[in-house]
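The values are calculated or read from the model by the stated rules, or taken from the named source; none is laboratory data. This structure is a prediction, so every number in the text was calculated from the model and none was measured. Counting neighbours? That spans all protein chains shown, and the Cβs are built from the backbone with ideal geometry, glycine included. Calculation scope for accessible area: heavy atoms of the full protein, side chains included, ligands and nucleic acids excluded. Shrake-Rupley method; radii C 1.70, N 1.55, O 1.52, S 1.80 Å.
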Amino acid sequence: MDGMNEMQGTYETGSAMWNDYMQSGRPNPGEDIKTTRKHFSKLGLMYFLGTLIIFGVQYLVGYLVDLIKPEWLENPNINLTLSMMSMYLVGIPIMVVLIRLVPAERIEQRHMKGGHFAIAAIMSYALMIVSNVVGLVITLVISLLKGALVNNELAEMTQSVSIPLLFVFTVFCAPFIEEFVFRKLLVDRTIRYGQGVSIIVSGLMFGLFHGNLNQFAYAFSLGMFLAFLYCKTGKLKVTIGIHMIVNFMGTIASALVLNGFDINEMQEALLNDDYYALMEFYSKNFFPMILMASFSICVFGIVIAGLVLFIIALVKRRFTFAPGQVSIPKGKRFLTVFLNVGMLLFSIFWIIQIVQQLLSI
């Protein structure tokens with residue numbers, strides 16, 4: 001009982017100190033730059049080591065399967081399952097254990113109304129679409145410069161993998177695991193340095209973790225917005241729910257629409273200027289084409305609505321970032337947060353993966 005009372009007293013004292021700090025608005029200068037850099041370096045190192053473990057486990061599984069059942073690796077469904085299961089069941093749990101070695105802070109939970117959740121979901125989807133277009137334009141420019149198309153791994157996966165399997169991994173598994181690793185674990189360990197720092201670090205590391213430029217653009221921007229929502233609500237279920245909606249619309253819904261007809265047949269008719277083949281294609285795929293047009297109009301409407309909501313939020317100054325318990329001096333934030341051993345190892349590793357994807361033919 002004495003131990004419990006002592007723990008309760010310590011908790012209440014800590015809560016009182018935190019409330020005093022929040023009310024005063026003045027950061028605690030007690031932690032020096034060297035200590036802060038060590039914290040971020042250790043955090044980056046844990047994510048880097050976790051990444052190496054994930055790659056190692058996936059390589060080992062692939063190597064063993066290649067020895068026993070090499071034909072499995074030629075099946076997109078089996079190949080994806082082996083890769084994802086080895087990461088989710090072995091690699092990620094070890095990564096989580098490593099990350100938890102870094103001290104964390106508790107974020108206060110706040111209620112989010114259903115209407116606000118819907119607005120946030122619309123804004124998230126619009127942000128994903130716009131930033132994805134930006135990423136596609138950049139990769140297109142790079143494709144023109146190198147004289148060959150840049151591999152779009154996500155597009156290839158959605159076209160070759162079965163819809164049920166795609167749903168399991170992209171709509172169910174990925175949102176839960178990614179939000180826990182890159183929002184809960186990461187933000188809880190950086191929030192003491194301010195919400196702005198947490199949001200940028202979460203978005204950047206989440207974007208890099210995807211390992212290709214096609215996904216980096218929207219994963220970075222979406223990751224920052226989801227980190228903002230987590231900072232403001234302290235509830236992971238909010239970001240998981242929005243992440244699930246965005247992934248469903250971006251992969252399953254679009255895949256169902258595009259799989260309704262053979263788009264290569266239409267492209268071939270257009271390239272050959274074959275009027276009769278084009279008319280035959282339209283007559284065979286009238287309803288799928290109507291569905292695709294309706295889906296496109298729906299996406300366009302959501303994007304416009306999301307952009308309008310973003311503008312309104314900016315005008316009303318809804319995007320505010322609370323200061324941290326520890327303040328990093330201006331002019332030294334990038335040096336302190338990113339230019340340390342751990343963060344550099346994580347960043348360089350994933351930048352190399354992105355460059356390899358851009359240069360591969």
- Between the residues Pro76, Ile177, Leu307, the Cα farthest towards the positive end of the dipole of the chain, that dipole coming from +1 and -1 charges on the beta-carbon of Lys, Arg, Asp and Glu, is from Leu307
- Task: At a 1.4 Å probe radius, which order do Ile311, Ile142 fall into by accessible area, largest first?
- Result: Ile311, Ile142
- Note: Phe349 to Ile297 extended length (0.36 nm per residue) minus current alpha-carbon separation gives 14.8 nm
- Item | On Cα atoms only, tilt of 195-209 relative to the major axis of the chain in degrees | 40
- Query: Which value in nm describes the separation of the simple spin-label points at Leu52 and Glu105, placed 7 Å from the Cα toward the beta carbon?
  - Reply: 3.0
- Query: Assigning unit charges at the beta carbon (Lys, Arg +1; Asp, Glu -1) and nothing else, what dipole magnitude in debye, to the nearest 20, does the chain show about its Cα centre?
  - Reply: 1740
- Query: To the nearest 10 degrees, how steep is helix 76-86 against the longest Cα principal axis of the chain, on a 0 to 90 scale?
  - Reply: 10
- Task: Find, among the trypsin sites (Lys or Arg not before Pro) in segment 279-358, those assigned to loop by DSSP (not H, G, I, E, B) with at most 14 other beta-carbon atoms within 10 angstrom.
- Result: Lys316, Arg317, Arg318, Lys330, Lys332
- Item | Entry for mean projected area of the Cα convex hull in nm² (calculated from the structure that is shown) out of (1) 18.4; (2) 23.5; (3) 16.9 | (2)
- Keeping every protein chain in place, order His116, His243 by accessible area at 1.4 Å, biggest value first, i.e. largest first. His116, His243
- Choose one of Phe286, Ile94, Thr158: the residue whose Cα lies farthest towards the positive end of the charge dipole of the chain (beta-carbon charges +1 Lys, Arg; -1 Asp, Glu; about the Cα centre). Ile94
- So how tilted is helix 2-24 from the main axis of the chain? Cα-based, degrees 0 to 90, rounded to 10. 70
- Relative contact order (%) - criterion: Cα under 8 Å, at least six apart; region: the chain: 31
- Task: With an 8 Å cut-off on Cα pairs and a minimum separation of 6 or more residues, tell me the relative contact order of segment 188-262 in percent.
- Result: 22
- Message: Let me spell out the model: positive unit charges on the Cβ of Lys and Arg, negative unit charges on the Cβ of Asp and Glu, origin at the Cα centre of segment 87-181. What dipole size does that give, in debye rounded to 20?
- Response: 160
- Item | Per-residue SASA entry for Asp66, accessible area with 1.4 Å probe, Å² rounded to 10 | 80
- Item | Residues of the chain: accessible area per residue with a 1.4 Å probe, Å² | 55
- With each run of n ≥ 4 DSSP H residues scored as -39500 (n - 2.57), what mean residue ellipticity at 222 nm is computed for the chain after dividing by its residue count and rounding to the nearest 500 deg cm²/dmol? -23000 deg cm²/dmol
- Accessible-area composition of segment 89-176, carbon plus sulfur, in percent [1.4 Å probe]: 71
